[in-house]
1. Pick from 179, 154: which is at pLDDT 95 or above, crowded, with 19+ Cβ neighbours inside 10 Å and either outside any helix (DSSP H, G or I) or in the same structural domain as residue 26 (by TED's automatic domain parsing) (or both)?
2. Quick check on my filter: what residues within region 128-143 are surrounded by fewer than 21 Cβ atoms within 10 Å (Cβ to Cβ) and closer than 10 Å to residue 175 by Cβ?
3. Give the residues of region 45-63 that are assigned to a helix (DSSP H, G or I) and in contact with a helix residue (DSSP H, G or I) (Cβ under 9 Å, 6 or more places away or on another chain), sorted by residue number.
4. For the structure I just gave you, tell me whether residue 305 is in a helix (DSSP H, G or I), farther than 24 Å from residue 209 by Cβ and not assigned by TED's automatic domain parsing to the domain that holds residue 192.
5. Can you tell me which residue among 329, 286 is at negative phi and surrounded by 21 or more Cβ atoms within 10 Å (Cβ to Cβ)?
6. Looking only at region 25-42, filter to residues that are surrounded by fewer than 18 Cβ atoms within 10 Å (Cβ to Cβ) and touching a helix residue (DSSP H, G or I) at 6+ places or on another chain (Cβ under 8 Å); which one of those is modelled with the lowest pLDDT?
7. Among residues belonging to region 157-170 that are assigned to a loop (DSSP other than H, G, I, E, B) and surrounded by 15 or more Cβ atoms within 10 Å (Cβ to Cβ), point out the one that is nearest to the chain's Cα centre (by Cα).
8. State all residues of region 182-199 that are surrounded by fewer than 22 Cβ atoms within 10 Å (Cβ to Cβ) and in contact with a strand residue (DSSP E or B) (Cβ under 8 Å, 6 or more places away or on another chain); if no residue qualifies, say none.
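The values are calculated or read from the model by the stated rules, or taken from the named source; none is laboratory data. These numbers come from a predicted model, not from an experiment. Note: ideal-geometry Cβ built from the backbone for every residue, glycine included; neighbour counts use all protein chains shown.
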């Protein structure tokens, strides 16, 4: 069952489209006003409502800076927080753009070693002099870490349970030359988070709240942070579907929210366009990868669309289609399965084909 929005006031009530609570900087309009075929949207809604799996939670669509769809399913609603899993890596990449805007980081060619003073980190491996930020962001760091191989020293299972993990991470050596091979590893995002923490003097969670979540009026979230005040930059971020979509819009707007430039615009341009083919065939839905975001060009109906997306286990996707000024956020809880990713691709296709210019 799908609901647009529900709220507590002497019980649960369902609100109609026009009764949604207003969001700062995000007016709501109907699908027809936004240029969508109403019948196509209704058909998609019916399809999602009838999915055999009952894990699907929310579909948010923002077009031309306006909320077009805000659909909730299976008893979920606007205030529910969802674990977006590895889509949190893409949010970490956004926060690096904020750190550059704040003057905490100069450029993506800086080496990791330079961010961690030896007096404080006496065991930092000298291999980190060869690893640049861009290597981490494009998953080509060469470090001995692989999320699909628990035996590698940099695998998250080796360090995420520790009360303090940065000292451990900085001892992980290279397994290959940086920049040569794409290997998916949580370690890469964790190091970006650690660099922001080292330079800002606060946890990544608090940095995000102060510099981004606060300005976007993201009032409730959870981001796992250990006893040493270090945040898991690779995931474990819980957000509402609405706030997930807001972050996508911030990326689409090159780091600008209202009249405030929160992230460095040049960096955000690179985030929107960086496209490394080094990913190979790791993800059949992706053609490329860059700055912790996947990239694809696909044909939906008669229209060929290029887009980037953040992907999290369970079917949590945040999609940006620059040429259509479109942001699509999806939350789901089918953790540990592949089908929610192909399902998200299917839903994205239906949203794009519902645009009235599609023939």
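1. On the way: 179 fails: crowded, with 19+ Cβ neighbours inside 10 Å.
The match here is 154.
2. Passing the criteria: only 142.
3. Step one: filter region 45-63 for residues assigned to a helix (DSSP H, G or I), giving 45-49.
Scanning region 45-63 gives 47, 48.
4. On the way: in a helix (DSSP H, G or I): no; farther than 24 Å from residue 209 by Cβ: yes; not assigned by TED's automatic domain parsing to the domain that holds residue 192: yes.
Criteria not met by residue 305.
5. On the way: 286 fails: surrounded by 21 or more Cβ atoms within 10 Å (Cβ to Cβ).
Unique residue meeting the criteria: 329.
6. Taking region 25-42 first, the residues surrounded by fewer than 18 Cβ atoms within 10 Å (Cβ to Cβ) are 25-27, 29-30, 32-33, 35, 37-40, 42.
So of that shortlist, the ones also touching a helix residue (DSSP H, G or I) at 6+ places or on another chain (Cβ under 8 Å) come out as 26, 30, 32, 40.
Values: 26: 93, 30: 97, 32: 97, 40: 97.
In this case the residue turns out to be 26.
7. The first filter runs over region 157-170 and keeps only residues assigned to a loop (DSSP other than H, G, I, E, B), leaving 159-165, 170.
Okay, now just the ones that are also surrounded by 15 or more Cβ atoms within 10 Å (Cβ to Cβ), so 159-160, 162, 165, 170.
Working: 159: 22, 160: 20, 162: 25, 165: 23, 170: 25 Å.
Ranking the candidates gives 160 first.
8. Correct list: 182 only.
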